[in-house]
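Have a look at the structure below, then the notes.
The values are calculated or read from the model by the stated rules, or taken from the named source; none is laboratory data. Note that this is a predicted model, so its numbers are computed, not measured. Using ideal geometry, Cβ is built from the backbone for each residue, glycine included, and neighbour counts are taken over all protein chains shown.
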Amino acid sequence: MQLVLEKRAERSRTIALISPLIAIGLTLVTMSVLFAVLGKNPITALGVYFIAPLTDSYSLQEIAVKATPLVMIAIGLSLCYLANAWNIGAEGQFLIGAVAGSWIAVKTQGTEAGHWVLPAMLVAGAVAGALYALIPALCRVKFGASEILTSLMLVYVADLILDYLVRGPWRDPAGFNFPTTAEFDPVATVPVLIEGGRLHLGSIIALVVVACAFVLLDRTIKGFEIRVVGVAPRAARFGGFNSNQLVLLTFAVSGALAGLAGIIEVAGPIGHLQPGISPGYGFTAIIVAFLGRLNPVGILIAGLFLALTFIGGEQAQITMKIPLDVTKVFQGILLFYVLACDSLILYRFKLVFASRQVQSGAG
Amino acid sequence: MMKRLLSAAAALVLAGSIAGVAHAADKLKVGFIYLGPIGDLGWTYQHELGRQALVKELGDKIETTYLENVPEGPDSERAIEQLVRAGNKLIFTTSFGYMDPTLKVAKKYPNVHFEHSTGYKRDKNMSTYSGRWYQGRYIQGQIAAKMSKAGVLGYIGSFPIPEVISGINATMLGAQSVNPNIKVKIIWVNTWFDPGKEADAAKALLDQGADIIMQHTDSPAAMQVAAERGKLAFGQDSEMIKFGPKAQLTSILDTWGPYYIARVKAELDGTWKSEDTWGGLDSKMFEMAPYTNMPDDVKKMAEETQAAITAGKLHPFKCPVVGQDGKEVECKGGANLADGQILGMNFYVKGVDDKLPGK
């Protein structure tokens, strides 16, 4: 007797809907076992992870702050991935956006510059991110270079550019030679929404981005083009859709969003430019994009959920002394189950009995 | 039966947690933010050893909590604030990059005390603390110059910040006191911890003719490379002798325990106040690992230098200090360079054949 995966004749809609729920359920069960083995009460632990962060305004704000860059970047990436363009370098576009916006902040520091500074920074960040993303896109369109490789490698270039600037020309003169710019002026800072908290205007912008992406994909011809090019490139060609143009467009849009997220992060929660402004947002956003099934609303939920696990993980470290590694295991298990359960949408399990087995000589 | 067992277990858990809460209420809560995972050696591990020493000493009066692997970006401010919200009254943030986040949280919670390691921004409720590691580097420089046959030292730099640069300069001044013609080759790896890069740098330095490896990075990779090639090396932050039993000459060991204990005692006594502590060999802010793999006369010299520095008779940056350009550096601290000049050091001393990155 043997258990095999058999391809379904068509996608199962029911399973598509309940698959994430199965995944979360299995994750909870596995985690409970893990907590029990660690000698922690599973119910309390899960409560600290998932419920406690949702019960006070401070933690809710922090979840939004953490999710903001993830969601913004992931929305851009989803457009790319839907159109079969593989932008892996959002991290680099994030950094370049942060650098470009910071340039204005640094140059206007201590001057009488007015309220145009922040909008100009945001525009600069988005434009720089878009231009930076167009490099791998152009290389693919013109020379057939793999955009996966080129976009990834440009991450390191961006990282080093940022590094050079904060150690050299933009270094805070009063900063004892440490690699950071001076704190941005108030006009160059993203405003906080609730006094005393960290929730900032960027979260609103992220929501607007989600709404725009939803309209684009669901209600416009461009959105239709993007999806057709991704799912059926040949059909798209016959339909007269220009896939090269779409590669350029989706890369530019995702670069712009990553760049915007970068400058918002620097001008918001951080307040100055320094190395290490991103704990890998550009890469984590790839997970968020797929966890959200490349769907704008799904991405919003996935981003918030992942942020919740970060905040909950910290609280678990503090209140229950659960090591950080457990949080990572937890995120890994979740992703594993989501992907595993997704295969049930296209496949189903089937028991095959030994008597009907033909290829018995394989072993 | 099963049901009864379960409810008994639940009651037990509940009772345990209530007792825990009641117990914790009268204890001082002390929090730590760690840059890396704790692991079993390196920067974060040494802070963890300090915390363990603290618990051993004052465990009945305090409760400690730590958050590990906290990135220096926007996440750190949240992590620090989480500790505050969990009731911690004294919080140690153990990496330079936590400076501004610590300051921001400190301004928001004036009744909580903060201690930031290796930074320079302070407030009424925020102290700073660091070690005068350049003293240890001076001793290492002397040992290296004695032990090197080629007269060339290999130096793995992390980031060109003042602490690292003053380390290179102190090494060089120590080495020159033994051999005026000593040379140093520097490779900047732009990381505090990356075993692959560190090993590559060590190999490159050895290939370029260096026969002693010194590092300002955190992993034992360079030590292992030196051991494989039959060369000598210095550890960093932690004891690394087990990675090069025949290679390690000594290592600068960060020993935060005494400081942590002193500060927590002050907090318990109500005498805590914002201070800037820059401790050297005399205050045991760091120690030197045993001097190994060297002849007795070199060991004796190292011990004498260590004793002289500890007693305050020898200052590695004794004036005149000559810069790379051959000009004497302005001496702002009387007989020695002023602390501010060392803390903000961004020049090389004479004899360093390297260009300072970003200059």
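One residue stands out in the range B:79-110 among those that are within 10 Å of chain A (Cβ to nearest Cβ) and polar (S, T, N, Q): the one that is nearest to A:ILE264 (Cα to Cα), namely B:GLN82.
With respect to the conditions (1) of a type in the set (D, E, K, R); (2) in contact with a helix residue (DSSP H, G or I) (Cβ under 9 Å, 6 or more places away or on another chain); (3) at pLDDT 95 or above, B:ASP237 falls short on a single one, namely (3).
The residues in the range B:316-340 that are within 23 Å of the chain's Cα centre (by Cα) and either buried (at least 18 other Cβ atoms within 10 Å of the Cβ) or at pLDDT below 90 (or both) can be counted, and the count is 4. Residues in the range A:108-141 that are charged (D, E, K, R) and touching a residue at least 40 places away in the same chain (Cβ under 8 Å): A:ARG140 only.
Taking A:ALA213 as meeting all but one of (1) within 14 Å of another protein chain (Cβ to nearest Cβ); (2) hydrophobic (A, V, I, L, M, F, W, C); (3) in contact with a Leu (Cβ under 8 Å, 6 or more places away or on another chain), write down the number of the exception. In the conditions (1) within 14 Å of another protein chain (Cβ to nearest Cβ); (2) hydrophobic (A, V, I, L, M, F, W, C); (3) in contact with a Leu (Cβ under 8 Å, 6 or more places away or on another chain), A:ALA213 misses (1) alone.
If you go through the range A:179-201 one residue at a time, do you hit one that is within 14 Å of chain B (Cβ to nearest Cβ) and outside any loop (DSSP other than H, G, I, E, B)? Yes, that holds for at least one residue. Only residues that are part of a helix (DSSP H, G or I) and touching a residue at least 40 places away in the same chain (Cβ under 8 Å) were counted in the range A:1-45, giving 15.
Looking across the range B:321-359, the residues that are within 14 Å of chain A (Cβ to nearest Cβ) and under 23 Å from B:ILE187 (Cα atoms) come down to B:ILE342, B:LEU343, B:GLY344, B:MET345, B:ASN346, B:PHE347, B:TYR348, B:LYS355, B:LEU356, B:PRO357, B:GLY358, B:LYS359. In the range B:57-73, what residues are within 11 Å of chain A (Cβ to nearest Cβ) and of a type in the set (Asp, Glu)? Scanning the range B:57-73 gives B:GLU63, B:GLU68, B:GLU72.
Quick one: would you say A:PRO279 is assigned to a loop (DSSP other than H, G, I, E, B), surrounded by fewer than 24 Cβ atoms within 10 Å (Cβ to Cβ), within 12 Å of the chain's Cα centre (by Cα) and within 14 Å of chain B (Cβ to nearest Cβ)? Yes. If you take the residues in the range A:237-276 that are part of a loop (DSSP other than H, G, I, E, B) and more than 14 Å from every other protein chain (Cβ to nearest Cβ), which one is surrounded by the fewest Cβ atoms within 10 Å (Cβ to Cβ)? Top of the filtered list is A:GLY240. The condition of being within 21 Å of the chain's Cα centre (by Cα) and either closer than 19 Å to A:ILE277 by Cβ or assigned to a loop (DSSP other than H, G, I, E, B) (or both) holds for only one of A:ALA113, A:ALA145, A:ALA128, that being A:ALA128. If you go through the range B:291-314 and pick out every residue that is assigned to a loop (DSSP other than H, G, I, E, B), touching a helix residue (DSSP H, G or I) at 6+ places or on another chain (Cβ under 8 Å) and surrounded by fewer than 17 Cβ atoms within 10 Å (Cβ to Cβ), you end up with 3. Scanning the range B:257-281 for residues that are touching a Ser or Thr at 6+ places or on another chain (Cβ under 9 Å) and assigned to a loop (DSSP other than H, G, I, E, B) yields B:TRP272, B:LYS273, B:SER274, B:GLU275, B:GLY280. One residue stands out among those in the range A:288-346 that are in contact with a strand residue (DSSP E or B) (Cβ under 9 Å, 6 or more places away or on another chain) and hydroxyl-bearing (Ser, Thr, Tyr): the one that is nearest to A:VAL231 (Cα to Cα), which is A:SER343.
Within the option set A:LEU324, A:LEU339, A:LEU335, being modelled with pLDDT under 85, facing chain B (nearest Cβ under 10 Å) and closer than 30 Å to A:GLN93 by Cα holds for one residue only, A:LEU324. All conditions but one from (1) surrounded by fewer than 22 Cβ atoms within 10 Å (Cβ to Cβ); (2) under 30 Å from A:SER57 (Cβ atoms); (3) of a type in the set (D, E, K, R); (4) within 14 Å of chain A (Cβ to nearest Cβ) apply to B:ARG122; the one that does not is (2). Before we move on, is A:THR319 touching a Phe, Trp or Tyr at 6+ places or on another chain (Cβ under 7 Å) and at negative phi? Against the criterion (touching a Phe, Trp or Tyr at 6+ places or on another chain (Cβ under 7 Å) and at negative phi), A:THR319 does not qualify.
The set of residues in the range B:205-229 being touching a Gly at 6+ places or on another chain (Cβ under 8 Å), more than 17 Å from B:GLY167 (Cα to Cα) and of a type in the set (A, V, I, L, M) consists of B:LEU205, B:LEU206, B:ALA210, B:ALA221, B:MET223, B:ALA226, B:ALA227.
The requirement of being at pLDDT 95 or above, touching a Gly at 6+ places or on another chain (Cβ under 6 Å) and assigned to a helix (DSSP H, G or I) is fulfilled somewhere in the range B:50-70, by at least one residue. Looking at A:ILE75, is it surrounded by fewer than 24 Cβ atoms within 10 Å (Cβ to Cβ), more than 14 Å from chain B (Cβ to nearest Cβ) and aliphatic (A, V, I, L, M)? Answer is no for this residue. Among the candidates B:LEU281, B:LEU343, the residue that is modelled with pLDDT under 90 and out of contact with any strand residue (DSSP E or B) (no Cβ under 6 Å at 6 or more places or on another chain) is uniquely B:LEU343. Restricted to the range B:132-244, the set of helices (runs of 4 or more DSSP H) holding at least 2 residues that are within 21 Å of B:GLY279 (Cβ to Cβ) and touching a residue at least 24 places away in the same chain (Cβ under 8 Å) comprises B:133-147, B:162-178. Residues in the range B:97-113 that are buried (at least 23 other Cβ atoms within 10 Å of the Cβ) and either among the small types (Gly, Ala, Ser) or in a helix (DSSP H, G or I) (or both): 6 in all. Would you call B:SER76 within 14 Å of chain A (Cβ to nearest Cβ), surrounded by fewer than 23 Cβ atoms within 10 Å (Cβ to Cβ) and among the polar types (S, T, N, Q)? No. If the condition is being in contact (Cβ under 8 Å) with a residue 60 or more places away in the chain and of a type in the set (S, T, N, Q), then the range B:309-352 contributes only B:ASN346.
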